[in-house]
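I have placed the structure first, in the form of structure tokens, so that the comments after it can refer back to it.
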Amino acid sequence: MRLSHSLVSALCAVNVAAIGQKSTVNFNSSGLLLAAGNSAVQIYAEQNEWPAVLRVCDDLATDFGRVTGTNGSVTLLKDGGAPSLNSSAIFNVTGKTSYQMGGGSYGAKGGIIIAGTLGNSTIIDSLVKAGKIDVSAIEGTWEAYVSVIVADPMPGVSQALVIAGSNRRGTVYGLYSISEQIGVSPWYYWADSPPQKHESIHATNTTVVQASPSVKYRGFFLNDEAPALTGYIMAKFPPSPWGPGYNADFYKTVFELLLRLRANYLWPTQWNSMFNVDDPRSQALADEYGVVMGSSHTEPMVRATKEWNVFGKGPWQWNTNNASIYPFFVEGAERAKPYESVITMGMRGSGDTALGAGIETELLENVVATQTEILANIWGIASVQNPDIVPQMWCLYKEVQGYYEAGMTVPDYITLLWTDDNFGNIRRLPIGNETDRIGGAGVYYHFDYVGDPRNYKWINTVQLQKTWEQMQLAYERDARQIWVVNVGDLKPLELPISHFFDLAYDINLWDKDSVPHWLEMWASREFGPAVAADTAVLMNNYSIAAGRRKFELVDPTTYSLINYNEADRVLAQWQTMQAAAQSIYDSLPTETQAAFFEMVYHPVSAAYTYYDIMISVARNNLYASQGRNSANAVAQHARDQFARDHELTVQYNSLLGGKWAHMMDQTHIGYQYWQQPMRNVLPAMQTVQNLERDLIGDMGVSIQGTNATVPGDDMYHALSSNALTFSYFDPYGVSSQWIDIFSVGTKPFAWNITSNATFVSFSQSSGTLSTNGSTDVRIYATVDWDNCPPGNGMVMINITASESQTTMYDEQTLYGTQYNMPQLMLPYNHTVVPSNFSSGFAESDGHLVIELEHWSSVSPPTSDNVSYEVIPGLSRTLSGVTLFPVTAPSQSAEDGPALTYDLYTFSPSTAGGVVNITIVTTTSLNTVPDRPLEYAIQFDDQPAKTVQYVIDQPAGANPAGWLVAVANAAWTSTSNFTYSGPGAHTLTIRALEPGMVLNTAWVNLGGVRPSYLGPPESHRIV
């Protein structure tokens, strides 16, 4: 079960700087004083402890100094012998010669922390033996720890905070938990989060038992690293003999970040680096830090792709060149043996491609059998068959899943690493006896990708609600052995990385409603509690808005300028977010602004600027087609925002004296196909010749819902017609629609607007326009329903122009040489639902749109406790509705849990006598092959229809229609029913499989117009 928000809050109540951590310290003088401004915490550990633990003792002592101004001391306790574990790589890379800090002694002022690992620490083992600490809950477990205040733990020490880990990383996490609680963010280096200052720090008199993490191996993949990360490396680190300097000095910061985030696993950079070759210190350093190394899905036997390119002989083809590849595999395994690794099994083609043109199961089985033989020769077969000794994984990425589907088998001690579709939708999860595999299962996930339909490598586009939904699905379906996420350049994905690892560490803390609360804790940790609430709201909105469509897929055609005010509404949302980011940034102390810029201000401001560019380009092209003088001003605004985009890039790369130089070098404007543009290029715009008068005179008029202009001719309305007609006004839809009046000529003019109805008003009824292109006016026509007569009708609106100092020619050509005064037709339908329709949705403009969380009724939980839950924000518009638990069986189309919606329509008839109902869902995929995602839909008492909207394809290919669905961040599927006429109707929807997430229904009676997000939700009577 998931814990409630109140319980999560209680866990972190004393110190919200630590996310999801059970509090062991406080700042209100309660418990054991550990440190104050004039006293240093003393940290004790045995000299024979794991180097990983001793190094973090050193970090914690420094972290106390960051918070209080006084570094702690580290004392190494001796048991009579010399240190037995090798720290040479740590000392070599860090320049230290010892972990001893500050010459701490028992009599020194300041509280004492004793840290150690069960079986590696004499003092910890003696405290267990004496009954002073109880480790029964963690003994023999993976990465767990106990934290407790102990009286008289050792001679001369009256009281100490003791941290005992079940293994070396358990102790590391216990120590780093204190660092985070006292106010040092895991991102203090990689995102420049400042420490939160405190005058004194006390250990709370409580016992914390932190169980093993939810997922065993939790890591990220540094991938697609050029141009940004590689550019940064080239600027900051000397090159290796083979290319960029991805060396141990770089990786030490990555290792520390992973451990502070309570992760433990890394796939290093792939394309232009060789982790074990570029710097021979790196692998040993990883092991001394306590980081488990792996290699990507396409790099078997702990060998980098580039290693074959540099040192390999012949083609990377097993069927023709296995004699050369075999020793290459042997060397990789032998090199990894001394260290903690997860070994990638199998083989793909060169450069992250398929192994062959078809599914050659026998070939790949031979590869795995040979790899197993190599491992058995090195470790022994018994060790190879024990995933606790020699963990191995086979990643079923892209076409590799097709091998498994074709019947290929691998030993059950090899972890099956299932994958997403590169866009955050998990393709498959364990079924049947797959859950019995001793190697278990895991998930390879993406926050960054290169490939169809479009790269996304620039800034964060991760919808946190989707991450939660997909990863909790994976966890509940027993994919718990490995979670690894592709994070591209690492920066600027700090936010989703933190969220991912918090889920992986203790997923039971986080439920379907947890994202806003998690964001508040994250913001408090990174920027301080004063701005946490506002920042959480901002980044929750950002997460939802960015998740609507990858930035790289947003172009001038994406959002509609004329229907539903869509483009204006979306841009206004981004503008509001940017204003909020600016306000928070301005309120922060100087030392916090850099971190806020990197993680909040830049992505929000860059996103707003990007949207403004694309929508302005669209507006320029529309306005140019209408002959508006303002088209040129809009074009200039787009160019100004294009320059602003560059300024933001420079500001990021120059921050803190260029600390993150080149990290924002990724091109992102001007995509032509899936691959990144080689240079940012502004989309094409048009220039209007504003030195010449339009053929229609000096004034043009357009209205909401059309590209047409009157007077004059264009492809959007009848030739020589001076009239445009609005879409219907009615009490349950829009009561206001806009009219644009604009200059298309060379002379200023006065305009006047009148109508033949007293119940129609205008936001402005007269004015003047100059020719400079910056004074277009948007007027809103509004119907006063209290004074509007019942029934249908049409209002005539006249718009006249007048000019001063006119010539005879001017007076005769106010509307050009062949056109007349523009007229607008405003149709209205003043109708009301009957009084007995007391709740539900009312039709307007020939459609109804329903956010599916707004049901009229919902079935109670079934006998096996299956019910609908709402996941706020898991949508392009509002929320997701899905079945819980996610392990529930398939549901019945006849009597499964139902969502019912009451509707009232006014349309007397429809084309063909049908109503088309489109259901919008998230882009989730069929994770159970023989249980595809389906729903049943019924209109009134007509027979229900079962809709399977995700149609899998063979050989590991993505489903039919996948390219469009992931680009649009939604599946849409349409069913048609007979329309019986106006009146009350009922829509019933049944989700037939857990894992499908319902968003919105569009009930189209003929009035739905083109847009990206669809019409806004219809009027709801409650």
TODO: Output yes when any residue across segment 290-299 is under 23 Å from the mean Cα position of the chain (by Cα), more than 26 Å from Val56 (Cα to Cα) and of a type outside the set (Asp, Glu), and no when none is.
DONE: yes
- [ ] Among the numbered conditions (1) closer than 17 Å to Asp714 by Cβ; (2) under 28 Å from the mean Cα position of the chain (by Cα), tell me where Ala595 comes up short.
- [x] (1)
- [ ] Count, please, the residues in segment 346-358 that happen to be more than 16 Å from Asn309 (Cα to Cα) and surrounded by 22 or more Cβ atoms within 10 Å (Cβ to Cβ).
- [x] 2
- [ ] Count, please, the residues in segment 926-950 that happen to be open to solvent by 10 Å² or more (accessible area, probe 1.4 Å) and farther than 29 Å from Asp902 by Cβ.
- [x] 6
Open item on the list: Checking the conditions here, which among His637, His646 is without any contact (Cβ under 8 Å) to a residue 40 or more places away in the chain, more than 24 Å from Thr775 (Cα to Cα), open to solvent by 40 Å² or more (accessible area, probe 1.4 Å) and assigned to a helix (DSSP H, G or I)?
Closed with: His646
TODO: For segment 243-251, state whether one or more residues are over 25 Å from Ser88 (Cα atoms), touching a residue at least 40 places away in the same chain (Cβ under 8 Å) and surrounded by fewer than 24 Cβ atoms within 10 Å (Cβ to Cβ).
DONE: yes
Open item on the list: Residues that are in contact (Cβ under 8 Å) with a residue 40 or more places away in the chain and in contact with a strand residue (DSSP E or B) (Cβ under 8 Å, 6 or more places away or on another chain), at least 2 per element: which strands (runs of 3 or more DSSP E) completely within segment 691-784 meet that?
Closed with: 699-703, 723-725, 736-743, 749-755, 777-783
Open item on the list: Scan segment 327-347 and tell me whether some residue there is of a type outside the set (Phe, Trp, Tyr), within 38 Å of the chain's Cα centre (by Cα) and more than 26 Å from Val254 (Cα to Cα).
Closed with: yes
TODO: Please verify whether segment 902-917 includes one or more residues that are over 30 Å from Thr419 (Cβ atoms), free of Cβ contacts under 8 Å to residues at least 12 places away in the same chain and in a loop (DSSP other than H, G, I, E, B).
DONE: no
Task: Which listed residue is assigned to a loop (DSSP other than H, G, I, E, B), among the β-branched types (Val, Ile, Thr) and under 26 Å from Thr882 (Cβ atoms), from Thr461, Thr409, Thr419 - done: Thr461
Task: Lone unmet requirement of (1) in a helix (DSSP H, G or I); (2) out of contact with any helix residue (DSSP H, G or I) (no Cβ under 6 Å at 6 or more places or on another chain); (3) among the aliphatic types (A, V, I, L, M) for Ile562 - done: (1)
Open item on the list: Residues to consider are Tyr397, Tyr445, Tyr456; find the one that is under 23 Å from the mean Cα position of the chain (by Cα), in contact (Cβ under 8 Å) with a residue 40 or more places away in the chain and over 30 Å from Ala606 (Cα atoms).
Closed with: Tyr397
- [ ] Sort through Lys197, Lys132 and tell me the only one that's without any contact (Cβ under 8 Å) to a residue 40 or more places away in the chain and open to solvent by 10 Å² or more (accessible area, probe 1.4 Å).
- [x] Lys132
- [ ] Working only within segment 485-516, note down all residues that are more than 22 Å from Cys395 (Cα to Cα) and more than 12 Å from the chain's Cα centre (by Cα).
- [x] Lys491, Asp502, Asp506, Ile507, Asn508, Leu509, Trp510, Asp511, Lys512, Asp513, Ser514, Pro516
Open item on the list: List pairs: first residue in segment 549-572 and without any contact (Cβ under 8 Å) to a residue 60 or more places away in the chain and over 23 Å from Ser1018 (Cβ atoms), second residue open to solvent by 20 Å² or more (accessible area, probe 1.4 Å) and of a type in the set (Phe, Trp, Tyr) anywhere in the structure, Cβ distance under 9 angstrom, at least six positions apart or on different chains.
Closed with: Leu571/Tyr608
Open item on the list: Could you check segment 793-828 and list, in sequence order, the residues that are in a strand (DSSP E or B), touching a Pro at 6+ places or on another chain (Cβ under 8 Å) and more than 20 Å from Gln704 (Cβ to Cβ)?
Closed with: Gly816
Open item on the list: Need pairs with beta-carbon distance below 8 Å; first residue closer than 18 Å to Arg480 by Cα and within segment 375-393, second assigned to a helix (DSSP H, G or I) and not aliphatic (A, V, I, L, M); sequence gap 6+ or separate chains.
Closed with: Ile389/Trp379; Ile389/Ser383; Val390/Trp379; Val390/Ser383
- [ ] Select from segment 309-321 the residues that are in a helix (DSSP H, G or I) and either buried (at least 17 other Cβ atoms within 10 Å of the Cβ) or aliphatic (A, V, I, L, M) (or both) and list them in ascending order.
- [x] Val310, Trp318
Open item on the list: Residue under question is Met794, and the condition is that it be within 49 Å of the chain's Cα centre (by Cα), closer than 16 Å to Ser727 by Cα and open to solvent by 60 Å² or more (accessible area, probe 1.4 Å); does it hold?
Closed with: yes
- [ ] Please verify whether segment 179-201 includes one or more residues that are farther than 30 Å from Ala595 by Cα, part of a loop (DSSP other than H, G, I, E, B) and in contact with a Ser or Thr (Cβ under 6 Å, 6 or more places away or on another chain).
- [x] no
TODO: Search segment 477-502 for residues that are among the hydrophobic types (A, V, I, L, M, F, W, C) and pair each with any residue that is at pLDDT below 95 and part of a loop (DSSP other than H, G, I, E, B) when their beta-carbon atoms are under 8 Å apart and the residues are at least 6 apart or on different chains.
DONE: Val487/Asn223
Open item on the list: Taking the conditions exactly as written (modelled with pLDDT under 95 and open to solvent by less than 20 Å² (accessible area, probe 1.4 Å)), does Met471 satisfy them or not?
Closed with: no
Task: Conditions (1) open to solvent by less than 70 Å² (accessible area, probe 1.4 Å); (2) of a type outside the set (S, T, N, Q); (3) closer than 23 Å to Ser616 by Cα: number failed by Gly712 - done: (3)
Open item on the list: I'd like to check something: does segment 967-985 contain any residue that is touching a His at 6+ places or on another chain (Cβ under 7 Å) and in contact (Cβ under 8 Å) with a residue 24 or more places away in the chain?
Closed with: no
Open item on the list: Six or more apart or on different chains, Cβ atoms under 6 Å: show the pairs whose first residue is in segment 615-631 and at positive phi and in a loop (DSSP other than H, G, I, E, B) and whose second is among the acidic types (Asp, Glu) and crowded, with 23+ Cβ neighbours inside 10 Å.
Closed with: Gly627/Asp694
- [ ] Could you identify the single residue in Asp864, Asp940 that is on the phi > 0 side of the Ramachandran plot and free of Cβ contacts under 8 Å to residues at least 60 places away in the same chain?
- [x] Asp940
Open item on the list: Against the condition surrounded by fewer than 17 Cβ atoms within 10 Å (Cβ to Cβ) and closer than 25 Å to Thr927 by Cβ, how does Glu365 come out, does it pass?
Closed with: yes
Open item on the list: Being more than 21 Å from Thr353 (Cα to Cα), surrounded by fewer than 19 Cβ atoms within 10 Å (Cβ to Cβ) and out of contact with any helix residue (DSSP H, G or I) (no Cβ under 7 Å at 6 or more places or on another chain) narrows it down to one residue among Ile414, Ile381, Ile389; which is it?
Closed with: Ile381
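The values are calculated or read from the model by the stated rules, or taken from the named source; none is laboratory data. Predicted model, so just to flag it, every value in this text is computed and none were measured. In this analysis, Cβ positions are derived from the backbone assuming ideal geometry, glycine residues included, and neighbour counts consider all displayed protein chains. What goes into the accessible areas is simple: the full protein's heavy atoms, side chains included, and nothing from ligands, DNA or RNA. Shrake-Rupley method; radii C 1.70, N 1.55, O 1.52, S 1.80 Å.
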